[in-house]
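Here the structure comes first, spelled out in C-alpha cells, and everything after it is commentary.
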Amino acid sequence: MKVFLLTSSLHNEDSVDHSSKAFLSSLGMDYELGKADFSDYGTGAPDLIYVRTGGTEGLFRNFFPSLGKGPFYLLTSGESNSLAASMEILSWLNAQGIKGEILHGSPSYVRKRIDLLKEVASARSKLEGRRYGVIGKPSDWLISSQADYYEVRKRMGIELVDIPMERLVEKLDSIPEGGDVEEGAMRIYTALKDIVVEERLNGFTLRCFDLLDKVRNTGCLALAKLNAEGIVAGCEGDVPAMLSMALSDAVTGVSGFQANPASIDLASGEIIFAHCTIPLNMVRDYSFSTHFESGLGIGIHGEMEEGTVTILKLSGRMDRIFAREATLCSNQYKPNLCRTQVVLRVPEWAREEVLADYFLKAPIGNHHIIVPGARAEVFEAYFRSVSQM
C-alpha cells in the first residue's frame, strides 16, 4: 500500500512532518510513501492520498488528470484544515461522477476501513484477467439468470467464454465408461477438468441437467471436487451465480454453496437453502445420495459448520448485489428436497427487510451463494468499487 502526501506550501514543513508521522504511526499499518509527483500512483492497491493540510485542493486538481478513474481514498488526520480540504476535493470529484471516500475518525476506525479497502483491492486484483466458461447455455428455466458479458468484463475484469455442450459430450465419449455410478460421475469430473486445462479457465458453470439424458448421471460430484480444488464450478449454467462464487473465492478462498431457497418462515426468520452439490472443502461431513429431481447419479448430502454465514448474489448486469449475514442453525435431510439442506436464521431486526422485501419482492434470481463467515461488508465494498467503472 502506498500513501501519497498532499501538502500546501503555506504550512511549515517540519511541523506538518512531525504531526503526520505521529498520525500514520498511530494507524499501525505497513505502507510506503509514493513519489511526490504522483507518477507511481495506482501501483499500491490500494493507494491513499493523505491530505495533510488545507489549501491543497488546487494541487489535487493539477495531479488529477494522471491519476486514473478512481475511486479515490482521502486520508486525513483532522489537523491543519485537512478535513475541510478533503471535503472540497471529494465534492469536486462527486460533481464529475467520480466516487471516493474520506478516511477520517479514530485510529481504530480508520485502520478498519483501510483493512477493508485492502481486501477489496486484493479481490479486484485476483479477478482481473480471469476466464470463466459457460458450458452449454443457462438452463431453460433460468429466465432471469443471464449475464451482460460486456459489463462483466468492464467491471470485474472477467472474460466469459462460451463452450458448447457438445464439447463436453465429445470428451465423455473418449473416456472409458466405469462399472458403477461413482465411476460414471468421475468420468464427468475428468472431462470437465480437461476442458478447464485446455481453455485455461479459472472456473465455469455447467448446464448440468443435460447430462441426465446424455449419460444418465449428474455433475454434482464433479462440481463438488473441482470447487474444493480451487476451480469455481457452478450449476445449471447460472452465470450470475458463478460470478458470485468467483467473488466469494477471491475474498474467502472458497467458492461458496450455490443453493436455492426452499422455504421461508417470516415469523421465525428461518430460510432453508438446498442443492445437490456443495464444495467438499466447505463441509465437515458428507455422504452420497441420488440426484433429487431425477433419482439418478450422485447427489451430495453435505453438512456445513453452524455459525455465521453470508448470503451473496450479484446480478448478471452488474447493477445489483445482495449480501446479508445470517446464522446457519442446523443441517437437515428431508427426502423432498435437494440433498444438501441448511437452515439459516436472519437476525430479528433484519427479517422484514431481508425475507419479505428482498426474497419475496425483489430477488436476484433463485440461486444464492452461502459463504462461511461475516463477509457482507467486503462484498458490498467490492461492488461499490466496481460499480462506477
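So which of 97, 129, 105 ends up being within 16 Å of residue 69 (Cα to Cα) and not basic (Lys, Arg)? Criteria check complete, one pass: 97. I'm told residue 370 meets every condition in (1) surrounded by fewer than 20 Cβ atoms within 10 Å (Cβ to Cβ); (2) modelled with pLDDT of 95 or more except one. Can you identify the failing condition by its number? Every condition holds for residue 370 apart from (1).
Can residue 218 be described as of a type in the set (Val, Ile, Thr) and at pLDDT below 95? Full working, then the answer.
Values: of a type in the set (Val, Ile, Thr): yes; at pLDDT below 95: yes.
Yes, satisfied.
Can you tell which of 246, 233, 241, 250 is assigned to a strand (DSSP E or B) and at pLDDT 95 or above?
Working: 246 fails: assigned to a strand (DSSP E or B); 241 fails: assigned to a strand (DSSP E or B); 250 fails: assigned to a strand (DSSP E or B).
Exactly one of 246, 233, 241, 250 is assigned to a strand (DSSP E or B) and at pLDDT 95 or above, namely 233.
Is there a residue in segment 275-292 that is without any contact (Cβ under 8 Å) to a residue 40 or more places away in the chain, within 23 Å of residue 125 (Cβ to Cβ) and in the same structural domain as residue 314 (by TED's automatic domain parsing)? Among the residues of segment 275-292, not one is without any contact (Cβ under 8 Å) to a residue 40 or more places away in the chain, within 23 Å of residue 125 (Cβ to Cβ) and in the same structural domain as residue 314 (by TED's automatic domain parsing), which makes the answer no. Please determine, by comparing only the residues of segment 303-320 that are of a type outside the set (S, T, N, Q), touching a residue at least 40 places away in the same chain (Cβ under 8 Å) and not in a loop (DSSP other than H, G, I, E, B), which one is farthest from residue 364 (Cα to Cα). Going through the qualifying residues, I end up with 307. Annotation note: of 22, 84, 36, the sole residue that is in a helix (DSSP H, G or I), hydrophobic (A, V, I, L, M, F, W, C) and loosely packed, with under 13 Cβ neighbours inside 10 Å is 22.
Looking at the structure I just gave you, is residue 30 of a type in the set (Asp, Glu), within 29 Å of residue 377 (Cβ to Cβ), in a loop (DSSP other than H, G, I, E, B) and within 26 Å of the chain's Cα centre (by Cα)? Write out each step before concluding.
Working: of a type in the set (Asp, Glu): yes; within 29 Å of residue 377 (Cβ to Cβ): yes; in a loop (DSSP other than H, G, I, E, B): yes; within 26 Å of the chain's Cα centre (by Cα): yes.
For residue 30, the condition - of a type in the set (Asp, Glu), within 29 Å of residue 377 (Cβ to Cβ), in a loop (DSSP other than H, G, I, E, B) and within 26 Å of the chain's Cα centre (by Cα) - is met.
Filter segment 189-210 for residues that are under 21 Å from residue 280 (Cα atoms), over 26 Å from the mean Cα position of the chain (by Cα) and modelled with pLDDT under 95 and give the result. Listed by number, the list is empty, since nothing qualifies. Counting just the residues of segment 311-358 that are under 17 Å from residue 275 (Cα atoms) and in contact with a helix residue (DSSP H, G or I) (Cβ under 6 Å, 6 or more places away or on another chain), which one comes out surrounded by the fewest Cβ atoms within 10 Å (Cβ to Cβ)? This residue is 313. Residues that are of a type in the set (Val, Ile, Thr) and modelled with pLDDT under 95 within segment 270-297 comprise just one, 290.
Quick check on my filter: what residues within segment 118-137 are surrounded by 16 or more Cβ atoms within 10 Å (Cβ to Cβ) and part of a loop (DSSP other than H, G, I, E, B)? 130, 136, listed by residue number. Of the residues contained in segment 138-150, none is found to be part of a strand (DSSP E or B) and closer than 30 Å to residue 214 by Cα.
Do you know which of the residues in segment 1-27 that are hydrophobic (A, V, I, L, M, F, W, C) and within 35 Å of the chain's Cα centre (by Cα) is nearest to residue 87 (Cα to Cα)? Let's see the steps before the verdict.
First pass over segment 1-27, keeping only residues hydrophobic (A, V, I, L, M, F, W, C): 1, 3-6, 10, 16, 22-24, 27.
If we keep only those that are within 35 Å of the chain's Cα centre (by Cα) too, we end up with 1, 3-6, 23-24, 27.
Values: 1: 23, 3: 18, 4: 17, 5: 16, 6: 14, 23: 19, 24: 20, 27: 21 Å.
Top of the filtered list is 6.
Yes/no per residue for (1) of a type in the set (A, V, I, L, M, F, W, C); (2) over 30 Å from the mean Cα position of the chain (by Cα); (3) buried (at least 17 other Cβ atoms within 10 Å of the Cβ); (4) not in a loop (DSSP other than H, G, I, E, B):
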{"site": "53", "(1), (2), (3), (4)": "no, yes, yes, no"}
{"site": "58", "(1), (2), (3), (4)": "no, yes, no, yes"}
{"site": "62", "(1), (2), (3), (4)": "no, yes, no, yes"}
{"site": "69", "(1), (2), (3), (4)": "no, no, no, no"}
{"site": "73", "(1), (2), (3), (4)": "no, no, yes, yes"}
{"site": "77", "(1), (2), (3), (4)": "no, yes, yes, no"}
{"site": "102", "(1), (2), (3), (4)": "yes, no, yes, yes"}
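Only one of 352, 377 is of a type outside the set (A, V, I, L, M, F, W, C), modelled with pLDDT of 95 or more, in the same structural domain as residue 264 (by TED's automatic domain parsing) and in a helix (DSSP H, G or I). Can you tell me which?
Numbers: 352 fails: modelled with pLDDT of 95 or more.
Answer to the selection: 377.
The values are calculated or read from the model by the stated rules, or taken from the named source; none is laboratory data. The structure presented is a predicted model; accordingly, all values stated were derived computationally and were not measured. Cβ sites come from the backbone with ideal geometry, for glycine too, and all protein chains shown count toward neighbours.
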